[in-house]
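The structure under discussion appears below in the form of structure tokens.
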Amino acid sequence: GFPPADSGYHDHAEMTAAIDRYVREHPTILSRQVIGTSHEGRDIVAVKISDNVRADEDEPEVLFTHHQHAREHLTVEMALYVIREFGERYGSDARITRMVDQRELWIIPDANPDGGEYDIAGGTYRSWRKNRQPTPGSRYVGTDLNRNWPYQWGCCGGSSSNPSSLTYRGPSPGSATEVGVVADFVESRVVGGEQQIRAHIDFHTYSELVLWPYGYTHSDTAPGLTRDDRDAFATVGRAMAASNGYTPQQSSDLYVTDGSINDWMWGVHRIFSYTFEMYPGPNGRDGFYPPDEVIERETARNEGAVLLLLENADCMYRSIGKER
Ligand code: 0X9
Ligand code: CA
Ligand code: CA
Ligand code: CA
Ligand code: ZN
């Protein structure tokens, strides 16, 4: 588990117990399912939040993913915040109630349980980033999940082919077990030939940023990303950033990445996919390990942005005056 000074964070077992408790307390609007297992065999879970949660209704679906990077533990707390608050405030908070009634929200609170557990297992933090899958023919362990997605994989100098690198892209596109589990889940949401998920946030730390695709190129527009698409991304991205005080930008403005989850979500599925880099800011001295005292403030800080994405998810182009 976490060091005693950071006991407010949830390790994998504590996270699972917290989710089970929330689902038990609010069984009509919360459900959980195991969507697969990690390389080392831990459950990867998806929580669904909606009215009539056991029915697949014709409501715009939204996905949040968390903890691709092992040391970014605050992102798991972000997932637990949304599950807890939506569960507790349904029926009393007007915005939450409306979104629970009119959307189907999927939350994958821990996409990299093996890396997360490894990071905290030694009693002091290990600054681990990747998963824990051995690389064939190498003594190094781990693939950077956010460089392993099978869209423009390894195309553009935004990842490393060296297994020792923090941004190692893996031996082949989609080779990481956990990427396969999450990708299969997203593919399972294609119903009647139509992807049900309209919008997505992948939570990371840190730098307090709202980022949109593409990451593989500096161009604002690119194959499959029109001017209107880009403008809708930027308009909703800026609105979310105005709400949480983060800085909005195209992800490649930060640095080029290839094989990131955002590029795959948009490039393959046309899901409006953002990265949030949470607390602290770019010069924050806490880095990846802010004390547990900040969890409540820094997760609550994103409630408005999360609601904005849900509210826009039925038609992202409304934000630029081009309803379709
Ligand atoms: O490098 C990443 O995967 C993300 N940053 S982190 O410090 N959490 O590792 C940023 C991904 C967003 N995409 C681009 N910047 N292109
Ligand atoms: Ca503390
Ligand atoms: Ca519903
Ligand atoms: Ca549905
Ligand atoms: Zn990250």
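No lab work stands behind these numbers, since they all come straight from the coordinates. Since the structure is predicted, the reported quantities are computational estimates derived from the model, not experimental observations. Glycine also receives a Cβ, built like all others from the backbone with ideal geometry; neighbour counts cover every protein chain displayed.
Odds and ends about this structure:
- Taking the Cα centre of the chain as origin and assigning +1 to Lys and Arg Cβ atoms and -1 to Asp and Glu Cβ atoms, the resulting dipole is close to 600 debye.
- Between the listed residues 120, 18, 152, the Cα displaced farthest toward the positive end of the dipole of the chain, a dipole computed from Cβ unit charges relative to the Cα centre, is found at 152.
- Residues with amide H under 5 Å from that of residue 44, placed H, sequence gap 5 or more: 35, 36, 37, 38
- Put simply, the Cα atoms of the stretch 47-103 extend 35, 24, 16 Å along their principal axes, the longest span coming first.
- Spin-label zone in the stretch 120-161 - amide nitrogen under 18 Å from a point set 7 Å from the Cα of residue 17 along the C-beta vector: 120-121
- Under the Debye formula (equal points on every Cα, no solvent term), log10 I(q)/I(0) of the stretch 186-253 at q = 0.12, 0.18, 0.23, 0.29 Å⁻¹: -0.38, -0.79, -1.08, -1.26
- Normalised by the number of residues in the stretch 22-127, the mean separation of alpha-carbon contacts (under 8 Å, six or more apart) gives a relative contact order of 35 percent.
- The charge dipole of the stretch 7-90, taken about its Cα centre with unit charges on the Cβ atoms of Lys, Arg (+1), Asp and Glu (-1) only, comes to about 240 debye.
- Overall Cα dimensions of the stretch 134-207, principal axis frame, Å, largest first: 44, 32, 21
- In range of the label at residue 191: residues from the stretch 68-88 whose backbone nitrogen is under 16 Å from the point 7 Å along Cα→Cβ: none
- Net charge, residue 167 excluded, C-beta distance under 13 Å - Lys, Arg +1, Asp, Glu -1: +2
- Ascending count of other beta-carbon atoms within 10 Å, so fewest first, for 48, 130, 322: 322, 48, 130
- The residue among 306, 319, 294 whose Cα reaches farthest toward the positive pole of the charge dipole of the stretch 281-323, with charges on the beta-carbon of Lys, Arg, Asp and Glu, is 319.
- Derived from the Cα gyration tensor, the three semi-axes of the equivalent ellipsoid of the stretch 172-223 are 23, 17, 14 Å, largest first.
- P(r) histogram, all alpha-carbon pairs of the chain included - 20 Å bins from 0, percent: 34, 61, 5
- Separation in nanometres of the label points that stand 7 Å from Cα toward Cβ, at residue 98 and residue 270: 2.7 nm
- Per-bin percent of Cα-Cα distances, the stretch 62-175 [10 Å]: 14, 34, 27, 17, 8, 1
- Across the chain, C-alpha contacts under 8 Å between residues 6 or more apart give a mean separation that, scaled by the residue count, equals a relative contact order of 20 percent.
- Near residue 260, once Lys and Arg are set to +1 and Asp and Glu to -1 for all other residues with Cβ below 11 Å from its Cβ, the sum equals -2.
- Ranked for footprinting exposure by Cβ neighbours inside 10 Å, fewest first, 141, 190 give 190, 141.
- Mean ellipticity per residue at 222 nm, deg cm²/dmol - from DSSP H runs of n ≥ 4 across the chain, formula -39500 (n - 2.57): -10000 deg cm²/dmol
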